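The values are calculated or read from the model by the stated rules, or taken from the named source; none is laboratory data. Predicted, not measured: the structure shown is a model, and the values here were computed from it. FYI the Cβ positions are ideal-geometry reconstructions off the backbone, even for glycines, and counts take in every protein chain you see. Side chains included, ligands, DNA and RNA excluded: accessible areas come from the protein's heavy atoms. Shrake-Rupley method; radii C 1.70, N 1.55, O 1.52, S 1.80 Å.
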Amino acid sequence: MAGPTKLMGAMVKRKEDPRLVTGTSTYVGDIALPGLGHVAFVRSPHAHARIGGIEVSAARARPGVRLVLTGKDLVGRCAPLPVDAGGSAEGGGGGNGASLGRQHYALSIDRVRYVGEPVAAVVATSEESAIDAATEVLVEWEPLPAVTDVFAAQAPGAPQLFDDAARNVEHTNQIKAGDPDQAFARADRVVRQRMLNQRLSGIPLEPRACLAAPDFTSGGIQVWSTTQAPHVLRKDLAAALDLPQNQIRVIAPEVGGGFGVKFGLYPEDAVLATVAHVHRIPVRWTETRIEHMTGTTHGRDQVTDVEAAVRNDGTIIGLRMHVIANVGAYPIFTFIPDLTLMMGVGVYRVKDVDLRTTCVFTNTTSVAAYRGAGRPEAAYYLERLVDLVATELQLTPEAVRRTNFIPPDAFPYQTPTGQRYDSGEYDRALTKALEVAGYAKLRTEQKVRLEKKDRKLLGVGIACYVEMCGFGPFESATVRVEPSGTVTAFTGTSPHGQGHETTFAQIIADHLGVPFDQIVVRHGDTANTPMGNGTGGSRSLCVGGSAIFGATAKVRDKACQVAAHMLEAAPADVTLVDGRYQVKGVPGRSLTLPEIAARAYSDRLPEGLESGLEATDFFRPPQLVYPFGTHVAVVEVDRETGVVTVKDLFTVDDCGTRISPMLVAGQVHGGLAQGIAQALLEEVVYAADGQLVTGSLMDYAVPRADDLPLFATGETVTTTPFNPLGAKGIGEAATIGSTPAIVNAVVDALRPFGVRHLDMPLRPERVWRAIHG
């Protein structure tokens, strides 16, 4: 058998792609079980209303209908949601905890608080029958006044969503360090701006789906779900149904994208699990796109006041930030605005800070994790603020950044917000990005276009970012060498498009001496994978990959012990070289992994050496890691129409060690698409009465191929000491850096017209009005 090549850092084709591109993968919607029932939900047409009677007799009488459930059918069978303040891969749970007064049944009983909230469920023999029967369920509604604006929600006399949330405030938080008041008192200038970070919808290619069935082996249930964290969903289901966790098996088959919105226990999951457990029938529900827009958690939605105390040379000596966050109708992951505060100084050495959050309930869909989850918001506020400082002081944006960067010799750097940055070379990334972009030539071209009164204005925007990722508390892996010498690995992370099977196989191949194509990586099944915390927060490589590395190292040590016995050498003298286990300095005395595996599973092992060749590792990161980078956006703005065209986007991202460059590039490309979309296109809009205006993809603008340029990606490599791979995250980085770079570029193009700031999304009408205002 030929030895494996050095794969870590190599460009290899993804293991996952053959089955994905040929359509032979299995999704929740592909699974068929005997007697399968289909579920349709009755949802509130009102943003805020009391529920009177619910008449279900007509629906129950329809052909094919097996069950019609209301919230009263769940009492005593399924606990109210959220079930606890549990944890997630984003670093926390349901904010400060969901009080009893802020919970609701999966099918609401007394009151609904957003359009689309489920109040009844129909189970029928076909999806069409269930949908038709759902239209026959009659609900007595008593509409109540609704509120969707965070400021109106805090005003005296505003509709109250919960009795124990005065002024509709879910929670507040403050990070204050140094003496910010003194810093502002002695500043040469104070630069202020209110900024909006609009609400977004996740829009994964595959919407949510769930199939729940009785498990007659355990007496519990099996659940197939489009979840990003199977073990977390199992924990939540166990709490909701009051079942032991070992009576619930959660399987995440192929999952077509997540972006953070497929975390946690949704009402639909709880209803299906209850039906399977109580009525002992299998049932499936697949979300429609309209249901996704109304029922799946949204992201962002912050109004933020930022202030910088600055000296005339551009030094920022003090920072204030007040984030007023719309958390929607129920407390899901309400700690996310607090993550914005934690990253509130970004790449800058500012000691005196006063950062606050006010999280507010409104009659809208709950806001939770969305790609970046709090960190893109922080980078946006800071990078727009730095450009505003540069404009105010008539300095270049790159000069102000360099004046305020945390220098390389300051690492590890303790921020005033409590973060301990592991490593960083921010100026290096900025310098490389400007060189790659041809920054000086762009500025010359910009000047020439203005002088010629060209119809197309040129804008150049810079954004420097740092983010936190690699959340714990742990991740797990099992690596097993089969008797034939092939390898099966199990990971507690659960991919939804990232390519874990490829990256983890690269690590194993190099460190175990097995060909890449003889490694199978399995995931997403709580029955056969070690306990894990799922995929989110850019944690999969730096935490999950470190567990894979740890388990692989344990197996290699065992293989060396077996080989030493076979070669009659000391274990310390056996080493892995070019895929063979050999005695140091004696290449002729060597063994392949299949030869070692055959012996490991035989009865010819020495006394004291256990049979088998596998190991499990739980990697517990000592702290977070902090990738960083610089993005340079080049845009053209049409004076006559306001249309913004992204001409070029240059990125230099530093995610530490890169195991799979192709996958890094894919993550960057996807993140750039989402970041550009927020800057220019996407926005969830509610009317004042709580009706969703952007309730379908006819109304909600997602980017098309011709909205995006060809991306130019670059890198610097600054490793972290806090995991054995030296790796940092890349999954959210491009979303964080690209949005402020685009907005900075558009405002840069409009600066000759006196434009100081524009809020996202920068659609043509908004830009045109700024030009002609």
From the set of residues in the range 351-368 that are buried (at least 24 other Cβ atoms within 10 Å of the Cβ) and closer than 23 Å to Q182 by Cα, which is farthest from the chain's Cα centre (by Cα)? L355
Checking the structure you have, find out if any residue of the range 71-89 is modelled with pLDDT under 95, under 26 Å from I659 (Cβ atoms), of a type outside the set (F, W, Y) and crowded, with 20+ Cβ neighbours inside 10 Å. yes
Output yes when any residue across the range 386-402 is among the acidic types (D, E), modelled with pLDDT of 95 or more, under 15 Å from C464 (Cα atoms) and buried (at least 22 other Cβ atoms within 10 Å of the Cβ), and no when none is. yes
Of the residues in the range 459-516, how many are open to solvent by 10 Å² or more (accessible area, probe 1.4 Å) and either free of Cβ contacts under 8 Å to residues at least 24 places away in the same chain or among the charged types (D, E, K, R) (or both)? 4
Which listed residue is touching a strand residue (DSSP E or B) at 6+ places or on another chain (Cβ under 8 Å) and within 30 Å of Q174 (Cβ to Cβ), from L442, L388, L434, L430: L388
Given the criteria open to solvent by 10 Å² or more (accessible area, probe 1.4 Å) and at pLDDT 95 or above, does R371 qualify? yes
Looking at the range 29-51, I want the residues that are under 17 Å from I281 (Cα atoms) and have a partner that is open to solvent by 20 Å² or more (accessible area, probe 1.4 Å) and hydrophobic (A, V, I, L, M, F, W, C) with Cβ atoms under 6 Å, at least 6 apart or on another chain. Which pairs are those? I31/W224; G37/I281; A40/I131
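How many of the residues making up the range 448-458 are open to solvent by less than 50 Å² (accessible area, probe 1.4 Å) and over 36 Å from the mean Cα position of the chain (by Cα)? Step through it out loud before you land on a result.
Within the range 448-458, the subset open to solvent by less than 50 Å² (accessible area, probe 1.4 Å) is 449, 457-458.
Restricting the remaining residues to those that are over 36 Å from the mean Cα position of the chain (by Cα) gives 449.
The number of residues fulfilling the criteria is 1.
For the subset of the range 130-143 comprising residues that are in a loop (DSSP other than H, G, I, E, B) and open to solvent by 40 Å² or more (accessible area, probe 1.4 Å), which member is farthest from P331 (Cα to Cα)? Full working, then the answer.
So the first thing to find is which residues in the range 130-143 are in a loop (DSSP other than H, G, I, E, B), and the list is 135-137.
Of the ones still in play, those that are also open to solvent by 40 Å² or more (accessible area, probe 1.4 Å) are 135-136.
On the way: T135: 29, E136: 31 Å.
So, considering only residues that are in a loop (DSSP other than H, G, I, E, B) and open to solvent by 40 Å² or more (accessible area, probe 1.4 Å), the one farthest from P331 (Cα to Cα) is E136.
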Report, ordered by the first and then the second residue, all pairs with beta carbons closer than 9 Å, sequence separation of six or more or different chains, a first member in the range 181-201 that is more than 29 Å from R300 (Cβ to Cβ), and a second member that is modelled with pLDDT of 95 or more and in a helix (DSSP H, G or I). D188/L393; R189/V389; R189/E392; R189/L393
Of the residues that make up the range 115-129, is at least one among the polar types (S, T, N, Q), touching a residue at least 24 places away in the same chain (Cβ under 8 Å) and open to solvent by 60 Å² or more (accessible area, probe 1.4 Å)? yes
Looking at the structure I just gave you, is A270 assigned to a strand (DSSP E or B), at pLDDT 95 or above, out of contact with any Asp or Glu (no Cβ under 8 Å at 6 or more places or on another chain) and buried (at least 22 other Cβ atoms within 10 Å of the Cβ)? no
Among the numbered criteria (1) touching a helix residue (DSSP H, G or I) at 6+ places or on another chain (Cβ under 9 Å); (2) buried (at least 24 other Cβ atoms within 10 Å of the Cβ); (3) not charged (D, E, K, R), which single criterion is violated by G536? (1)
Just to verify a result, which residue in the range 592-627, among those that are part of a strand (DSSP E or B) and open to solvent by less than 20 Å² (accessible area, probe 1.4 Å), is nearest to N528 (Cα to Cα)? A615
